[in-house]
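Where a number appears in this text, it was derived from the coordinates with a stated rule and is not lab data. Values in this document were obtained by computation on a predicted structure and should not be read as measured data. Positions of Cβ are backbone-derived with ideal geometry, glycine not excepted, and every protein chain shown enters the neighbour counts.
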Amino acid sequence: MLPPQLSRRDLLTMIGALAGSEAMYQAMTTLGFAQESPYKGPIKLDGDPKGASVLVLGGGLAGMVAAYELSKVGYKVQVLEYREKAGGRCWSLRGGDNYTELGGFEQECKFDEGLYINPGPWRIPYHHHAVLDYCKRLGVKLEAFVQVNHNAYLHSVKAFEGKPQRYRHVSADFNGHVAELLSKVTKQGGLDQAVSTEDREKLLEALQSWGALDENYAYVAGTHSSERRGFDIEPGGGQMPLAKPSQPIGLSDIVQSGLWSSLSTGSLYDFQTTMLQPVGGMDMIARAFEREVGSLTKYNVKVTEIDQDDESVTIRYEDARKGGEAQTATADWCICTVPFSVLSQIKTKVSTKTKAAIDNLPYGAAIKVGLQFKRRFWEEDEHIYGGITYTDLPNTLISYPSTDYHSPGKGVLLGAFSLEAWAYEFTSLPPEERIQKALEYGAQIHPQYKDEFDNGVAVGWHRVPWTLGCYGEWTEEKRKEHYHAASSIDGRIAMAGEHISYMPAWMEGAILSSLDAIGRLHQRVVSG
């Protein structure tokens, strides 16, 4: 018998969550996410370019990879970058940094020395081989990024009176109750047509182990379940009190809470252990590239027109800060890594098909809020070391730093990472009010927010002047209609960037796109 409050539909939904990661992976793959990197090693550009010149538009990772690889084999390369430094979305905000978004809102980051927030990419999957290889080649030190922390929280305003629940409690109890239900079905012969008698016994053994069931195949309070979810009184030493098992959350409460929906995130291919991050901030990757190609880069360049003919490409630009008289740069070829969200506003001489691709790729809205606190209360009070808490509040998550554990003094959390509608809701407010909203939401999980908050910074990517969005949002239909044109060399112009990849929003996509573009361009140069 199922518990009276648990319908068969609820049961199917809950069991379906066990396969949710695979189903979500398939859906994400269709849209261009969750792809394994096909990177096989450093690109080989054989043949003499005979002094050909290339203008690279944009000093993000795609642009710097192109400049780095092409300059090594003899191309005359110049990078034109909108900002005062390279890196694009590979960006870290630190104390003393200033940032001005659309509308003139200016923010000064006031974090203490050594503390930072990554407004853009903030983690690297172990299978993003190109990013990792460049980190190795350029001497960027890496450390583990904690994606799943069983002592972090799952939270819903609609469940458990709004009180956050430990991840380990929800995970253990969800698995335990599902294992118990499946073992009952198996023992009652409900799977006889699907498994043999021998397999049924092995399945029962597996369910008992996986779900921490007792000798009667029940998920109940006891040593087995507490070894997964933790004890009310932990085992001690000497004459300390005896360990006391904890009480599992009831099956119906688990199902109705909806908290199980976040359990599959760490099983998604893009978020499986081991995740990595550069020591000291994501911009360590940008800085490493900049050491190699910074001398080839002209900064504070606002491109106003891209022209080409049969012989060359001409770029018209002005000073991004001061404006003033238009200037020009000319080269034989161009690698354009400007996001289509920006490029669509620049007069560009390309084919009708390429122009349609540029004009028809929307970019996702996203916001991140970094919060500095007077002490690392999540470690001191709640024993949370790295990892992510998930919530159904508009801030969607809280990510704890995966480094410098037990450091004295202040610490920085990622207090919000919101997409689409919630991102627009945040950025309808001035930055200081966005920070207050993130504090308001976070305090429902960590009451210490109110007393421990020090300062913060909020970056809405759809209001960032040099991107006007977080990442290219391809759909299956848009890929069929526009992707080929977007990724083709148009005359003397090749496009590259995360938006010209099947891994949008990832640094790996930007790098692979760049390598593909320069490889094809090089073949055209040496065979021409």
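General remarks:
- Cα-only radius of gyration and Dmax that characterise region 75-122, units Å: 13.3, 42
- Cα gyration tensor category, rounded, prolate or oblate, for region 167-220 with a/c compared to 1.5: prolate
- Gln256-Asp46 FRET efficiency (beta carbon distance; Förster radius 45 Å; 0.05 resolution): 0.15
- Lys202 versus Asp310: modelled label distance in nm, points set 7 Å from Cα along the beta carbon direction: 7.0
- Here region 430-450 and region 183-259 have alpha carbon centers that stand 38 Å from each other.
- Descending by average beta-carbon neighbour count within 10 Å, the peptides 269-281, 484-496 line up as 484-496, 269-281, the highest first.
- Here the gap between Lys244 and Lys110, fully extended at 0.36 nm per residue and compared with their Cα-Cα distance, gives a gain of 43.7 nm.
- Listed peptides 145-151, 186-192, 330-336 by packing density, highest first (mean Cβ within 10 Å): 330-336, 145-151, 186-192
- The chain shape via C-alpha gyration tensor axes, a/c threshold 1.5: prolate
- Our estimate of slack between Ala221 and Lys347, defined as 0.36 nm per intervening residue step minus the Cα-Cα distance, is 38.6 nm.
- Modelled this way, with points 7 Å down the Cα-to-C-beta line, the labels at Glu432 and Lys480 are 5.1 nm from one another.
- For the pair Asp192 and Ser295, label points projected 7 Å from Cα toward Cβ lie 8.0 nm apart.
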